[in-house]
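Written below as structure tokens is the structure these notes are about.
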Amino acid sequence: MFTNALPCRRRFIQGLGAVALNGLLQGGAPHFTPKVKRVIQIMCPGGVSHLDTFDYKPELIKRSGQPMPGGEKEVSFQGANGNLMRSPWEFVRRGQSGRWMTEKLPQLGALADGMAFIHSMTSRSNTHGPACVAMNTGFVFEGFPSAGAWTTYALGSMNENLPAYVAIPDVRGIPPSGPANWTAGFLPAEHQGISFNAAEPIRNLDRPEGVPEPADQATRALVQTLNEGHAARHAGDAELRARIASYELAARMQLSAPEVSNLASESQATHALYGTADANPLLAAYARNCLLSRRLVERGVRYVQLYCASRASGVDGLLNWDAHKTLKADYERHFPILDKPTAGLITDLRARGLLDDTLVLWTTEFGRMPTHQEGLLGRDHNPDAYTVWMLGAGVKGGATHGATDDFGRRVVSDVATVHDYWATVLHLLGLNHEKLTWYHNGINRRLTDVHGHVMHGLLR
Amino acid sequence: MKRIVFLLGTLTAVYAGGPEILQKRCLSCHNGQAKMGGLSLETKADAAAVLSGKLARRVEAGEMPPGGGLPPGERAEIAAWLRSGASWEGRLTLAVRPRAGKDWWSLQPIPASAVGSIDAFIQAKLAEKGLTLSAPADRRTLIRRVTFDLTGLPPTPEEVDAFVAGGSYEQLVDRLLASPAYGERWGRHWLDVIRFGESNGYEQNHIRPTAWLFRDFIIRSFNEDLPYSDLIVRSLAGDVTGKGVPEIEIGTGFLVAGPHDTVGNQAEAFKRQQRADDYDDMVNATASAFLGLTVNCAKCHDHKFDPIRQTDYYRLAAVFAGVHHGERVIATEERKAAHQAAARPIETRIAAAKASLAGLRDGAKPGLEAAEERVRGRMRPPVDSYGTEERFEAVAARFVRLTLPQGGAGGLDEFEVWNEAGKNVALGVPALASATRVADGNPDAYHPRLLTDGQFDKRWFAPPGTNGVTITLPLAATERVNRATWSTDRQRAFQGRFQQSTPARYELAVSMDGVTWTTVAMDAGRMPAAKDAQERLFVMEALDLAGRASYTQAEQELAAAAAALAKLEKLPRAYAGEFKEQVEPVYLHKGGNVMQRGDPMPAGSPSALPGFELPLDAPESDRRMALARWLTSNDNPLTPRVMANRLWYYHFGRGLSGTPSDFGYNGERPSHPELLDYLARKLLDYGWRLKPLHREIVLSRTYRQASDGNAAAARIDADCRLLWRFPPQRLQAEAIRDNMLAVAGVLDRTVGGPSFQLYKYTVDNVATYFPVERFGPETYRRAVYAQSARSIRTELLSVYDCPDSSLPEPRRYVTTSPLQALTLLNHSFTIDMAKAFARRMAASADPVGRGFALAFGRPPRPEERTAAQALAVQHGYPALARALFNTNEFIYVH
């Protein structure tokens, strides 16, 4: 199931067009009973340092300033590396489970018991764009469908009045490689992530300026009349019916989308929980996007991809987590923006019972070196080890998969790839990652390429 | 572990899993027939050679199966099974599907002659199912169909009327094939197939400003009906066959039409990967476009379904070993010679001036050290990116101003002003800058507040190229100040990289009222920061008066000559690749891993067909020529078959094979293999020209039949593969947009030239593409001229399934979504087009009739006229125009 049958489907079949509307809305059923119905994927582009957040390395602290044992001065993405460099911040134990985390994420720390960590992630690229695309699509090359597109292709929508898959770029800008991160790739265009956020609505949603409401209604009515006549003259062409239905859906979306984006209807307490009125405008903006994410999944959006930070800029580490030169100052900007709103989102989801069937993913594209860059106080890219976590429906809180060496340079046990990661997420969605395929240019393509093993240890 | 159909015999229960795993995971390649790597694992006897050690090693190392090895549990099980003696009886049977061999249909020769006709082949298959062709389509339908098909544009109402009145269909077809719009339409199809894009893709995704020259080459080739074989030769080796002929040389744009990673990567493995990705793209584009083979599936291991060896992949890669991304000069020999003739005397002048400067410097050498000491003795140290300080007489100030007459290329990370008590009174003051660089997506990125935030990690920048910037600090209170400090890289994070570009000229002033200013310090008397400027000072100091005059004169001559050289008209360049004769060998990568090098590979053709293999050290251009000749040899059965199927696909909306770039095992076998062979043969017989084949297809009864539904036929053949009617089609994205422009009467039919942009393009290290609210008249050209940046969604086009050019796309999907409706209803482009269309209607004596004629090529029915008239009367003709654009009839062709 879930393969594009050959020949490429055309729906000019005989008979009634009544199937058309359904055809636009429904995907298939899962392969087995799912634990998860919807996903919020938080993505922190720039390559979040596992060594300054979630991967506690006492030996790195102890030997900070010394050469990396067995390490000639390695050349990585930007060039030569210096000695080992400990995190500028302390690690503290969080939650009942006593999980070690940086002191700088206190509110997320309070939710530590619900998180399952993968400390052994590896990437196939050491460059932001391809690595972000790899995290989101399974391939370093552009043009492949993102996880959200695969999900909606497999499972369809739960709300006909909203897009099934929404990408929420950060107010600071789009991530490295931009829309390739939420593309439908070669899947049909309807599975494309629709990008908007709390500051910028869906494009082309509103009636154009200068077209009054009655004119708009009358115009659509004529379209409907002409289309009905045309479809009657071409009975049996279901695509024509489907397109008529798409105009009805569009009208409904025009009503529903502004409603979901209207955060004013939320209580003061909720706003305070997320920090939407914070004095830091970047924190407040991300908080509003977090709140928007909850409202979207609450209304049945299947997959939300939520960004905290943006693309690479002329200044490393300013707009995203790419701390090459000034780690301390960079992350002291980024930590607070991530901490409170994300914690607020998780807390709110839990309070509303949404975590019972919502999965929250926290992702980045690669980790960072345990050494500092030669002559600088920042870390270079490290595709050989990074940490991600997940929380929510089906996830065994407190679980850990894999580990890095004493310094976090490389993975030493249970190497995990983006394919293992997505195999696991698809499993939670009730999907067998080897059976979710689409024929393209000679290959039955999968989100997990020809790889991927479900990490059962992370699952309840 | 599930039991599969397999004789387990008397295997012990504990370690019985070995053969099962082999069967499930290994046998698809290592069976008696495929025998990849010379190994079969069907029986224990077959496998004997590897059971003693190699199997365990390769499984343990995760090298087999390719692509990550076995899951850990199965690895352990294999190891345990081998240790326990590898008990194994019977023969493993292949449970997975078989694969194609050299006897595969698409590899068989094309028939020696074309016997039959299109209609005869189609009718024969229909008759087998008791079906027949439909009646001929009416003339109105037919002219709309064939015009959109051949040109991507609607017929004008006048053309429709003339044809309906009895015009000749053959003449119509000939007129359409001769129209420049034909090349725009069919060239666009081909650009999909060969993944032509106008940006680099990957993270930086910068625009390639000269890539459009190749797009024009494609359109021209189709319009001139260049034989397809010549198109292939020019694509692979136009620089060889057409040296000095720009129209031919540009063809090599094909090689580099795909994505290319421009990020400078210092890590060795990733540098190699970037290069491997470049030729992977070339191999994939070449094999999929011309051969319909998925050779790229054999990068890590032999192809699982087709007779393509891993070595075949690397032999093809070796063809492209000397090809690199980039622009090169493409000009006639005369033009190159003329340029050289003009440049040579200037270059001689430059060399002479440089020589006399060097001579004077040499002559000054003996006294240089002393001269330097003297200069340093009387001048102040240069400005320093790590920190520059000015001390001055204490003065009362309410405002402090720093003027940078030459801008600040490196920016400033802090600007501090100190009072007599040694306190930085600038800290936290809201600094005002007369100009600040704005990074798209973040107006705050280089904000002036960074000047006084007490931190040195981020910098304020002036906009590039700005001169005469002022920074003004309104102090919180009147202060007696006597010192100021500023820096570009206080933390030395950039290791002196900004030493040369820290602001060198400055003027520091104070004021009590912000109106009257007193200068307290300037850069006067400072050594220049730039090394060469310093050296010049020392040399001039060391020279005598006459020497100084000579030196200045030589400098002036050098500047004048350089300016003259810059003024010469540049030779034109195009993004058509660069060729390096020093060829870095292409190695086989074991498991596709660039760090696991196998043997260097010679350039050669896929081994499934008779072909060529060149010596390892074959010259770069010979490799591409050899491939071009092999592809276009009349004995190569794939090249004409694949192209014939592509033509059929674009005419009928589906190919005889539904997988136009995959004629292998996973591809779809043709519905009418004899017809496909016939068309391929005809293509060869027509001398590889496409237009005669188009003509034959669109003149066929099969093409000219009606598209009406037929419930009885649909029950037998719902997909209409047998073509019992003409399959209706939705217009492609480009044609929808072009149709709106044409119907609105504003389509600019200029052929060729630089692309227009449907986004706002900005670069701040990486490129960002912003949607624009309004498309100006400069975009009112055919969509084939819209710049196609990779991975970028273009309003209107992307939503209607226009593919991303990151990958080759041999088919267009047709989807229907509410976002399409929202875009077509509400985008400003629709509104603009509706206004233009409305003006056109209103100019007619019968506006509604004219509207229907333009939009649908037919008069309105009475009830349609009534409804349309009512809308127009109440809400104006733009409302009617907007409605017509949004109808199904506007974007479907029957």
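No lab work stands behind these numbers, since they all come straight from the coordinates. Just so we're clear, the structure is a prediction, and the values are computed from it rather than from any experiment. Cβ atoms come from the backbone with ideal geometry, glycine included; neighbour counts cover every protein chain shown.
Shown here for the range B:408-488: GluC sites (Glu not before Pro) in loop regions (DSSP other than H, G, I, E, B) with at most 12 other Cβ atoms within 10 Å, namely B:420. How would the range B:737-894 be classified by its alpha-carbon gyration tensor: rounded, prolate or oblate, with rounded meaning a/c under 1.5 and the a/b versus b/c comparison settling the rest? The shape class here is prolate. Figure legend: label point modelled 7 angstrom from the Cα of residue B:634 along Cα→Cβ; residues of the range B:675-693 with amide N under 11 Å from it are B:684-688. Note on residue B:511 and residue B:421: the model spin-label points, each 7 Å out from Cα along the C-beta direction, lie 2.7 nm apart.
Annotation: extensible slack from residue B:275 through residue B:813 equals 190.5 nm (criterion: 0.36 nm per residue apart, minus Cα-Cα distance). Shape class for the protein assembly as shown: rounded, because the ratio a/c of the largest to smallest gyration tensor axis (alpha-carbon atoms, square roots of eigenvalues) is under 1.5.
For the pair residue B:595 and residue A:228, label points projected 7 Å from Cα toward Cβ lie 6.7 nm apart. Taking every residue in A:187-193 and counting other chain Cβ atoms within 10 Å of its Cβ, the average works out to 6.
The 3J(HN,Hα) values that the Karplus relation (6.51, -1.76, 1.60; θ = phi - 60°) gives for the range B:459-464 are, in residue order, 10, 7, 10, 7, x, x Hz. Gly and Pro appear as x.
Distance from the alpha carbon centroid of the range A:321-355 to that of the range B:848-870 works out to 58 angstrom. Per-residue extension of 0.36 nm, minus the Cα-Cα distance of residue B:762 and residue B:336, leaves a gain of 150.0 nm for this segment. Once the C-beta distance of residue B:384 and residue A:259 is scaled by a Förster radius of 56 Å, the resulting FRET efficiency is 0.45 to the nearest 0.05. Taking every DSSP beta bridge that has both ends in the protein assembly as shown, the antiparallel portion is near 75%.
With 0.36 nm allotted per residue and the present C-alpha distance subtracted, the residue B:375-residue B:398 stretch has 4.6 nm of extension available. Our note on the geometry: Cα centres of the range B:694-715 and the range B:155-194, 18 Å apart. Net charge of the neighbourhood of residue B:556, taken over other residues with C-beta under 15 Å away and scored Lys/Arg +1, Asp/Glu -1, is +2.
Of all DSSP bridge pairs formed entirely within chain A, close to 55 percent run antiparallel. Going by Cα centres, the range B:740-774 and the range B:508-530 are how many Å apart? Between the Cα centre of the range B:740-774 and that of the range B:508-530, the gap is 47 Å. Near residue A:115, the amide H atoms lying under 5 Å from its own belong to A:398; only residues 5 or more places off or on other chains count, and H is placed 1.01 Å from N.
For the range A:393-408, putting each phi into the Karplus relation 6.51 cos²θ - 1.76 cosθ + 1.60 with θ = phi - 60° gives couplings of 3, x, 9, 7, x, x, 6, 9, 10, x, 7, 9, 5, 4, 10, x Hz, in residue order, rounded to whole numbers and with x for Gly and Pro. Shown in residue order for the range B:188-193 are the 3J(HN,Hα) couplings computed by the Karplus curve 6.51 cos²θ - 1.76 cosθ + 1.60 at θ = phi - 60°: 4, 4, 5, 4, 4, 5 Hz (x for Gly and Pro).
Shielding value for A:434-445 is 5, the average number of Cβ atoms from other chains within 10 Å of each residue's Cβ.
Report, in degrees rounded to the nearest 10, the 0 to 90 angle that the Cα long axis of helix A:281-298 makes with the longest principal axis of chain A. So the helix axis and the longest Cα principal axis differ by about 50 degrees. Cross-link reach is defined here as a Cα-Cα straight distance under 26 Å, omitting same-chain residues fewer than 8 places apart; for residue B:102 the lysines meeting it are B:24, B:35, B:299, B:304, B:590, B:682.
For the range B:115-267, the relative contact order comes to 19 percent (Cα pairs under 8 Å, sequence separation of at least 6). Listed by chain and number, the aspartates and glutamates whose C-alpha is less than 17 Å from the C-alpha of residue B:580, apart from same-chain residues fewer than 8 away, are B:239, B:249, B:278, B:327, B:617, B:620, B:622.
Remark: mean inter-chain Cβ contacts per residue of A:213-222 equal 6, using a 10 Å Cβ-Cβ cutoff to other protein chain atoms. Once backbone amide H atoms are built at 1.01 Å from N, residue A:194 has A:165, A:166, A:167 as its partners under 5 Å, excluding neighbours fewer than 5 places away on the same chain.
Between helix B:545-567 and chain B, what is the angle of the helix's C-alpha long axis to the longest principal axis, kept within 0 to 90° and rounded to the nearest 10? Orientation of helix B:545-567: about 20 degrees from the principal axis.
Using C-alpha pairs under 8 Å with a sequence gap of at least 6, the mean separation divided by the residue count of chain B gives a relative contact order of 17 percent.
Each of residue A:351 and residue B:391 was given a label point 7 Å from its Cα along the Cα-to-Cβ line. The distance between the two points is 6.0 nm.
Our helix-only sum for chain B, with -39,500 (n - 2.57) per DSSP H run of n ≥ 4 divided by its residues, gives a mean residue ellipticity at 222 nm of -12500 deg cm²/dmol. Of the peptides A:324-336, A:157-169, B:533-545, the ranking by mean beta-carbon count within 10 Å, highest at the top, reads A:157-169, A:324-336, B:533-545.
Each Cα pair under 8 Å and six or more residues apart adds its separation to the average, and for chain A the resulting relative contact order is 30 percent.
For chain B, the longest principal axis of the alpha carbon atoms and the long axis of helix B:673-685 meet at an angle near 60°. Under the combined filter of DSSP loop state and at most 10 neighbouring Cβ atoms within 10 Å, the range B:780-881 retains none of its trypsin sites (Lys or Arg not before Pro).
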